[in-house]
């Protein structure tokens with residue numbers, strides 16, 4: 001028996017003994033019968049102390065990092081038992097789920113993509129757990145279902161994580177994710193024969209499927225050791241080529257870097273399959289770029305060796321390869337690279353940088369379709385392939401363009417558009433006539449006409465102006481008493497833009513205010529905006545979010561007893577840091593799948609790749625600022641923290657659930673006051689991608705019921 005197994009048995013024994021002791025109970029008012037809140041006694045191992053550059057740091061819940069341990073599994077059961085007992089006693093919890101289900105129950109589509117002589121798109125009838133992949137030759141009302149992920153598993157926990165069609169449209173390669181994990185297994189379907197091939201490609205992660213002839217390029221890690229599938233460090237990413245009809249053991253190694261185990265590689269081919277490009281990354285921003293001419297079977301050439309900038313393929317045109325890049329252009333530009341002369345001195349600027357961020361660019365017939373961000377809202381413009389501006393596509397209003405599906409051989413462009421109060425609609429734009437028409441409009445049980453969104457600027461602590469969207473019912477009285485939910489992210493160059501969420505729609509219907517702050521660290525205003533919220537500047541992110549809350553209070557939208565905050569992943573870190581910095585400012589905190597242990601995050605799965613944004617504790621200077629805001633390490637004794645519901649999942653191998661486990665344990669240990677601290681741990685689910693609709697609704701009902709209950713909101717079954 002190993003040392004860790006012995007420790008686990010000791011912990012399990014102590015937890016059982018502790019659970020038998022008399023517990024301190026806290027009455028939670030508001031239900032028909034007061035709920036007796038009693039936290040499970042979580043073992044604190046005070047012998048675990050780390051030395052960070054002379055600073056001793058206690059880590060009493062290190063044992064919770066062992067997700068396979070019996071003690072951890074028992075802890076999860078006890079915490080879930082408490083959480084669900086609390087949620088079950090909320091009088092309107094079932095009614096909340098019923099309303100959310102009706103808000104989710106509408107037909108949803110993605111923008112159609114041309115494949116061969118047909119089009120493909122995803123469709124969901126409303127409450128299907130997973131979207132269905134459809135092939136449609138005419139873009140009529142009905143298409144042929146070619147892949148139904150709802151058949152992958154009985155409980156809907158297996159999802160379609162990636163897919164790609166061969167150039168002629170005969171083959172579909174697709175990756176299945178089990179239980180929300182980032183691991184994918186690739187299968188291939190012959191669409192002409194309607195038959196599944198015997199090929200199986202395993203241990204794929206952070207990969208594209210890039211076709212070339214009768215096979216494809218993909219990226220994978222070595223098979224993880226036993227017990228490390230969901231938490232072991234991901235290293236030695238490599239690119240392989242798989243030939244159809246052969247076993248994976250015969251796949252050709254195409255690209256690897258043995259000297260740098262903590263680098264990731266993604267393969268991509270141009271639409272004509274002439275060029276193979278490999279993007280190398282060591283963090284979440286910036287990439288090296290290699291390419292080879294597959295027609296000539298040449299060796300790889302280098303476009304850029306630096307990791308400072310981002311390069312993203314737009315497509316192949318006469319004269320070379322088009323890229324979207326922020327090289328010498330913080331707001332991005334489009335450049336042309338000649339494969340015969342790939343050195344930077346020969347690059348040609350096609351679309352220059354402007355004051356607005358270029359978010360996306362794609363080819364359509366003889367045009368370049370470019371999506372811009374202007375003050376965190378979308379604009380769509382058309383350019384010639386030479387970079388001459390031609391026109392702007394008129395959009396429905398303040399909102400966000402999601403996917404753009406275009407084809408170098410077609411005049412038709414399809415794109416999605418959404419806002420805070422309007423679900424995704426699909427539009428068709430003809431580049432030859434400049435006509436834009438509504439292609440698919442959702443039919444939903446929600447009256448958008450009752451609500452409005454406005455965008456304001458507020459001032460952060462250092463004087464920086466930060467934009468914020470605020471959505472609410474028309475005619476709302478600013479009396480300082482309105483229940484308000486503030487959402488943010490602030491990291492990894494990711495922009496938080498207007499989008500429809502049934503969960504937030506339910507909140508708006510009941511008189512709530514929904515606010516989204518476009519804080520630094522995101523990508524709303526380009527590279528400089530992102531860098532202003534990273535490394536030693538990460539405190540700007542938390543200051544911006546706190547300033548947003550203070551603005552909402554100052555301007556009489558709400559008050560601290562009516563204010564909740566929410567964020568996911570890096571946004572979970574945001575919520576954890578802000579609630580520990582300013583527990584007085586918020587009534588409810590809802591951190592989801594958050595990065596809570598900033599001293600050890602890089603020890604698990606892909607965590608090392610986040611160091612470009614965060615820094616690492618093994619660097620003395622970086623340790624100091626990480627330790628200063630790490631949510632786990634800034635919980636103080638005898639402090640009244642907001643009512644908190646932490647959400648995570650047992651198959652999250654992006655941000656491992658130990659972050660949330662340890663944060664919940666420490667928060668429960670030190671909580672002073674009657675506000676509950678709960679953790680909801682989903683099963684057979686991961687970081688969020690591929691989560692079944694039924695699980696999304698259940699989780700949303702739990703989280704929103706918790707929010708309503710602790711903000712003392714009424715819930716009316718019949719909305720106006």
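The values are calculated or read from the model by the stated rules, or taken from the named source; none is laboratory data. Since this is a predicted model, take the numbers as computed values, not measurements. Cβ atoms come from the backbone with ideal geometry, glycine included; neighbour counts cover every protein chain shown.
Could you identify the single residue in 483, 408 that is closer than 30 Å to residue 554 by Cβ, over 25 Å from the mean Cα position of the chain (by Cα) and either crowded, with 18+ Cβ neighbours inside 10 Å or assigned by TED's automatic domain parsing to the domain that holds residue 368 (or both)? If you could, list the steps in order and put the result at the bottom.
Values: 408 fails: closer than 30 Å to residue 554 by Cβ.
Being closer than 30 Å to residue 554 by Cβ, over 25 Å from the mean Cα position of the chain (by Cα) and either crowded, with 18+ Cβ neighbours inside 10 Å or assigned by TED's automatic domain parsing to the domain that holds residue 368 (or both) holds for just one of 483, 408, which is 483.
Regarding residue 670, is this residue surrounded by fewer than 21 Cβ atoms within 10 Å (Cβ to Cβ) and over 16 Å from residue 179 (Cα atoms)? Don't jump to the end; show me each part of the working.
On the way: surrounded by fewer than 21 Cβ atoms within 10 Å (Cβ to Cβ): yes; over 16 Å from residue 179 (Cα atoms): yes.
Against the criterion (surrounded by fewer than 21 Cβ atoms within 10 Å (Cβ to Cβ) and over 16 Å from residue 179 (Cα atoms)), residue 670 qualifies.
Looking only at the stretch 619-673, filter to residues that are in contact with a helix residue (DSSP H, G or I) (Cβ under 8 Å, 6 or more places away or on another chain) and assigned to a strand (DSSP E or B); which one of those is farthest from residue 581 (Cα to Cα)?
Out of the qualifying residues, it is 648.
Yes or no: the stretch 173-187 includes at least one residue that is over 21 Å from the mean Cα position of the chain (by Cα), surrounded by fewer than 19 Cβ atoms within 10 Å (Cβ to Cβ) and part of a loop (DSSP other than H, G, I, E, B).
no
Considering only residues that are exposed (fewer than 13 other Cβ atoms within 10 Å of the Cβ) and either assigned by TED's automatic domain parsing to the domain that holds residue 421 or assigned to a strand (DSSP E or B) (or both), which ones fall in the stretch 464-478?
If the condition is that a residue be exposed (fewer than 13 other Cβ atoms within 10 Å of the Cβ) and either assigned by TED's automatic domain parsing to the domain that holds residue 421 or assigned to a strand (DSSP E or B) (or both), then 465 is the only one that fits.
For residues that are buried (at least 24 other Cβ atoms within 10 Å of the Cβ) and more than 23 Å from residue 445 (Cα to Cα), tally how many sit in the stretch 488-514.
Counting residues in the stretch 488-514 that are buried (at least 24 other Cβ atoms within 10 Å of the Cβ) and more than 23 Å from residue 445 (Cα to Cα) gives 4.
If I ask for residues that are in a loop (DSSP other than H, G, I, E, B) and either in contact with a strand residue (DSSP E or B) (Cβ under 9 Å, 6 or more places away or on another chain) or not assigned by TED's automatic domain parsing to the domain that holds residue 673 (or both), which ones from the stretch 61-90 would you list?
Step one: list which residues in the stretch 61-90 are in a loop (DSSP other than H, G, I, E, B), which gives 61, 66-69, 89-90.
Those that are in a loop (DSSP other than H, G, I, E, B) and either in contact with a strand residue (DSSP E or B) (Cβ under 9 Å, 6 or more places away or on another chain) or not assigned by TED's automatic domain parsing to the domain that holds residue 673 (or both): 89, 90.
Taking the stated definitions as given, is residue 686 in a loop (DSSP other than H, G, I, E, B) and over 18 Å from the mean Cα position of the chain (by Cα)? Steps first, answer last, please.
Details: in a loop (DSSP other than H, G, I, E, B): yes; over 18 Å from the mean Cα position of the chain (by Cα): no.
Spelling it out, it is not the case that residue 686 is in a loop (DSSP other than H, G, I, E, B) and over 18 Å from the mean Cα position of the chain (by Cα).
On the basis of being closer than 29 Å to residue 612 by Cβ and part of a strand (DSSP E or B), does residue 486 make the cut?
Details: closer than 29 Å to residue 612 by Cβ: yes; part of a strand (DSSP E or B): yes.
Criteria met by residue 486.
For the stretch 285-316, which residues satisfy the criterion of being touching a helix residue (DSSP H, G or I) at 6+ places or on another chain (Cβ under 9 Å), buried (at least 18 other Cβ atoms within 10 Å of the Cβ) and over 21 Å from residue 363 (Cβ atoms)?
Step one: filter the stretch 285-316 for residues touching a helix residue (DSSP H, G or I) at 6+ places or on another chain (Cβ under 9 Å), giving 285-286, 303-304, 307, 309-310.
Filter once more, so that each one left must be buried (at least 18 other Cβ atoms within 10 Å of the Cβ): 285-286, 303-304, 309-310.
The answer is 285, 286, 304, 309.
Here are some residues: 403, 349, 390. Which one is free of Cβ contacts under 8 Å to residues at least 24 places away in the same chain, surrounded by fewer than 17 Cβ atoms within 10 Å (Cβ to Cβ) and outside any loop (DSSP other than H, G, I, E, B)? It would help to see each step written out before you state the result.
Values: 403 fails: free of Cβ contacts under 8 Å to residues at least 24 places away in the same chain; 349 fails: free of Cβ contacts under 8 Å to residues at least 24 places away in the same chain.
It is 390.
Exactly one of these conditions fails for residue 585: (1) touching a strand residue (DSSP E or B) at 6+ places or on another chain (Cβ under 9 Å); (2) surrounded by fewer than 20 Cβ atoms within 10 Å (Cβ to Cβ); (3) in contact (Cβ under 8 Å) with a residue 60 or more places away in the chain. Give me its number.
(3)
Can you name every one of the strands (runs of 3 or more DSSP E) wholly within the stretch 407-449 that holds 2 or more residues which are closer than 24 Å to residue 516 by Cβ? Steps first, please.
Details: elements: 412-418, 425-430, 435-440.
Fully inside the stretch 407-449 and qualifying: 412-418, 425-430.
So residue 517 ticks every box in (1) surrounded by 22 or more Cβ atoms within 10 Å (Cβ to Cβ); (2) in contact (Cβ under 8 Å) with a residue 60 or more places away in the chain; (3) within 26 Å of residue 354 (Cα to Cα); (4) in contact with a helix residue (DSSP H, G or I) (Cβ under 7 Å, 6 or more places away or on another chain) but one. Which box is left unticked?
For residue 517, the failing item is (2).
Sort through 126, 175, 143, 156 and tell me the only one that's in contact with a strand residue (DSSP E or B) (Cβ under 9 Å, 6 or more places away or on another chain) and modelled with pLDDT under 95. Give the derivation first.
Values: 126 fails: modelled with pLDDT under 95; 175 fails: modelled with pLDDT under 95; 156 fails: in contact with a strand residue (DSSP E or B) (Cβ under 9 Å, 6 or more places away or on another chain).
Residue meeting the stated conditions: 143.
Among the listed residues 653, 619, which satisfies the condition of being over 25 Å from the mean Cα position of the chain (by Cα) and under 29 Å from residue 228 (Cα atoms)?
Details: 653 fails: over 25 Å from the mean Cα position of the chain (by Cα).
Just a single option satisfies the conditions, and that option is 619.
Applying the selection to the stretch 579-616, what residues are over 20 Å from the mean Cα position of the chain (by Cα) and under 18 Å from residue 547 (Cα atoms)?
So in the stretch 579-616, the residues over 20 Å from the mean Cα position of the chain (by Cα) come out as 579-588, 599-600, 603, 615-616.
Across the stretch 579-616, the qualifying residues are 579, 580, 581, 582, 583, 584, 585, 586, 587, 588.
Taking residue 654 as the residue in question, decide whether it is without any contact (Cβ under 8 Å) to a residue 24 or more places away in the chain and either surrounded by fewer than 24 Cβ atoms within 10 Å (Cβ to Cβ) or on the phi > 0 side of the Ramachandran plot (or both).
Numbers: without any contact (Cβ under 8 Å) to a residue 24 or more places away in the chain: no; either surrounded by fewer than 24 Cβ atoms within 10 Å (Cβ to Cβ) or on the phi > 0 side of the Ramachandran plot (or both): yes.
No.
Yes or no: the stretch 113-121 includes at least one residue that is under 27 Å from the mean Cα position of the chain (by Cα), in contact (Cβ under 8 Å) with a residue 60 or more places away in the chain and either surrounded by fewer than 20 Cβ atoms within 10 Å (Cβ to Cβ) or at positive phi (or both).
yes
Could you list, in sequence order, the residues of the stretch 188-219 that are more than 20 Å from the chain's Cα centre (by Cα), in a loop (DSSP other than H, G, I, E, B) and under 24 Å from residue 291 (Cα atoms)?
Restricting attention to the stretch 188-219, the residues satisfying the condition of being more than 20 Å from the chain's Cα centre (by Cα) are 188-203, 209-219.
From the residues that got through so far, the ones that are in a loop (DSSP other than H, G, I, E, B) too are 191-194, 197-200, 209, 212-214.
Result: 209, 212, 213, 214.
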